[in-house]
1. Just need log10 I(q)/I(0) for the stretch B:217-260 at q = 0.32 Å⁻¹, Debye formula, equal scatterers on the alpha-carbon atoms, no solvent, rounded to two decimals.
2. Given 4 °C and 1.567 mPa s, compute D for the stretch A:106-177 with the Stokes-Einstein relation, Rh being the Kirkwood radius over Cα pairs; round to the nearest whole µm²/s.
3. Total Å² of accessible surface buried at the A-B contact, 1.4 Å probe, nearest 100?
4. If you scale each eigenvalue of the Cα gyration tensor by 5 and take the root, what three semi-axes come out for the stretch B:104-193, rounded to whole angstrom and sorted largest first?
5. Using only the alpha-carbon atoms of the stretch A:210-281, report the extent along each of the three principal axes, biggest first, to the nearest angstrom.
6. Using all C-alpha to C-alpha distances in chain B, build P(r) with 10 Å bins and read off the rounded percent in each one.
7. I need the calculated FRET efficiency for the pair B:MET52 and B:LEU73, taking r as the beta carbon distance and R₀ as 35 Å, to the nearest 0.05.
8. Based on the Cα atoms of the stretch A:49-161, what semi-axes does the equivalent ellipsoid have, where each is the square root of 5 times one gyration tensor eigenvalue, given in whole Å with the largest first?
Amino acid sequence: MNQRENFARRFARSKSGMLGLIGVAIIVLAGLAAPLLARSPAGYSRDILLGPSAAHLLGTDNLGLDIGLEILWGARTSLYVSAVAVLISVGIGVPLGLVSGYSRSWVGETLDAAVDIFLTLPILPLMIIMAAIMGTSITNVALVIGLFSWPQLAKVCKNATLKISGMQYIEAAVCLGYSRGRILLHHVLRNITGPVLVNITLIMANSVLAESSLSFLGLGDPTAWSWGTILKRAWGNNAVINNPNPWWWWLAPSVCIIVFVVCFNMLGTAINDLLSPKTQA
Amino acid sequence: MRRYLLGRAARSLLTIFISVTLTFFIVRAMPSNPVELLINPYMSQETQDMLMQKYGLDKPLAVQYALFLKGLLQGDLGVSFSSRQPVAQVLLQKLPWTLLLIAIVMALVLGIGIPTGLLAARRRGKLADQVINVLVTLGISIFIPFLSFMFLYIFSYLLKVLPTGGAYTPPKPHGLTYVLDVARHAILPAATLAITNLANVVLYTRNSTLDVLGEDYVRTARAKGASPKRAMRVHVLRNAMIPTVTVVGLQVGVMVGGAVVTETIFAWPGIGRMLFEAIGALDYPILQGGFLLLSVSVVTMNFITDMLVGWLDPRIRLGGGRP
């Protein structure tokens with residue numbers, strides 16, 4: 001049996017991994033299919049602050065917008081932002097990690113020190129400044145999150161590369177006279193996909209948290225539907241402490257954010273457990 | 001030890017320098033630069049020129065950067081666009097509140113996180129460990145507004161036992177009542193921020209304790225007759241703390257980011273709330289100064305944890321080994 005099949009079979013046996021995978025699949029499908037499933041929550045209606053009912057599954061807010069629809073369309077924003085963030089951080093983090101892990105010269109040392117410095121900076125405040133200055137559009141938010149999500153990936157990639165580059169087959173490849181680029185791409189990169197994959201699930205989860213936080217602080221795109229923006233409006237209208245309490249308004253989007261993040265984290269943990277030699281039978 | 005400390009201090013300074021440079025260029029290189037924001041198109045040309053000159057905005061970027069660094073060294077962070085107060089003065093008013101919050105959170109995180117991690121490691125695979133594992137997975141996924149909303153809903157709306165926001169009930173009371181009042185207001189924000197940061201500390205304490213428990217020297221200690229308690233206290237704890245302390249250091253950056261959201265929700269009058277208000281007013285000097293102050297605090301905290309790690313781990317302070 002080849003290794004990949006074996007991995008898939010062991011993954012299917014991990015309960016939390018499958019739960020995470022199913023959750024992620026549902027969110028992705030819902031986000032992709034949102035335009036087919038329902039109209040976008042447009043226009044204001046007279047149904048203000050109604051509780052969950054058959055007409056409005058998750059109730060309405062103070063403008064009469066259907067919260068269930070807002071959440072469904074918000075999933076698209078979250079997925080878009082996290083996908084862009086992952087692309088950018090893979091684009092920056094993986095090459096940096098490969099070079100700093102493989103290079104034995106000052107280049108590697110310098111890159112490593114730079115990554116360490118970026119890891120210590122308070123990232124959310126930095127994102128806030130950048131998002132405030134770039135202006136609120138969903139692409140800007142995605143760019144900002146991507147631009148500051150790579151350090152962790154670079155670190156993980158570097159540590160994995162360091163381990164692989166000590167292996168004998170790398171030594172063999174060097175002896176065969178392969179170029180550095182070829183060794184890095186064909187021999188090192190293919191063998192560090194595991195840790196990189198785990199870190200990507202973490203970045204997905206964290207960028208949704210970052211996007212929701214930025215939107216919550218008023219740095220989101222006012223024209224896009226976003227879970228953080230719903231929370232911002234709920235909070236701005238004192239929905240949490242008002243009497244009578246429109247609990248569906250603040251609870252539903254929060255639960256969505258948590259579920260999204262938990263699913264991606266469970267997926268990551270399951271992959272990580274399968275990859276670490278300690279748990280392998 | 002000295003070489004190690006000097007190296008760490010140099011890196012701290014470099015980190016601060018990089019955050020200074022980053023903010024300078026982010027603020028100036030972006031499409032809507034502060035020049036356009038400061039200058040109202042209805043002003044006369046002379047007023048515009050005068051303002052440009054006053055803030056040094058007519059000079060080339062490199063000169064502006066040099067002037068900015070010079071001002072920074074003299075403690076001059078510029079003037080807030082909205083309140084016209086010097087930024088440094090505004091920051092000094094807000095800083096104690098954030099420091100108070102972070103100190104309470106740190107005490108909670110270490111005081112609860114380390115014992116919980118040790119418990120999970122000692123009961124590995126048993127019920128307590130499994131429960132803690134589930135809580136940790138939830139903890140690393142928590143979204144601060146959600147947790148704050150739950151707390152506000154339960155304690156302020158349903159039970160009506162805790163205040164919804166602010167740091168004290170105006171008018172400002174005096175003496176002991178003031179202290180108690182601030183403490184009452186600090187409970188919810190501190191609990192929120194502590195819970196979001198607990199998970200990582202528990203996880204690292206648990207895993208590093210498990211690693212150390214498997215070491216030969218722990219078995220040796222038990223074999224020569226040390227009680228399990230003594231082996232834990234003398235041989236395991238110190239070595240298990242090294243990764244935990246490193247993680248707490250790295251966590252400070254995240255914690256400070258969380259403080260921005262937490263302070264905003266609970267109207268806690270610290271740096272985080274100030275940043276939130278500055279976003280609405282597009283007050284760039286305040287945003288820039290606030291970020292710099294947060295970076296400096298994070299770097300300082302990291303330096304302290306580096307020293308702690310050096311003290312815990314002789315390999316680091318004596319040899320060239322890297323943590």
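The values are calculated or read from the model by the stated rules, or taken from the named source; none is laboratory data. Keep in mind it's a predicted model, so treat the numbers as computed, not measured. A quick note on method: Cβ atoms are made from the backbone with ideal geometry, for glycine too, and the neighbour counts reach across all protein chains shown. Keep in mind that these areas ignore ligands, DNA and RNA; they rest on the heavy atoms of the full protein, side chains included. Shrake-Rupley method; radii C 1.70, N 1.55, O 1.52, S 1.80 Å.
1. Rounded to two decimals, the profile gives -0.99.
2. 89
3. Looking at A and B, the buried total is near 4200 Å².
4. Listed largest to smallest, the semi-axes of the stretch B:104-193 are 32, 16, 10 Å.
5. Result for the stretch A:210-281: principal-axis Cα extents of 56, 28, 15 Å.
6. Result returned by the calculation: 5, 20, 26, 23, 16, 7, 2, 1, 0.
7. Result of the calculation: an efficiency of 0.90.
8. 40, 15, 10
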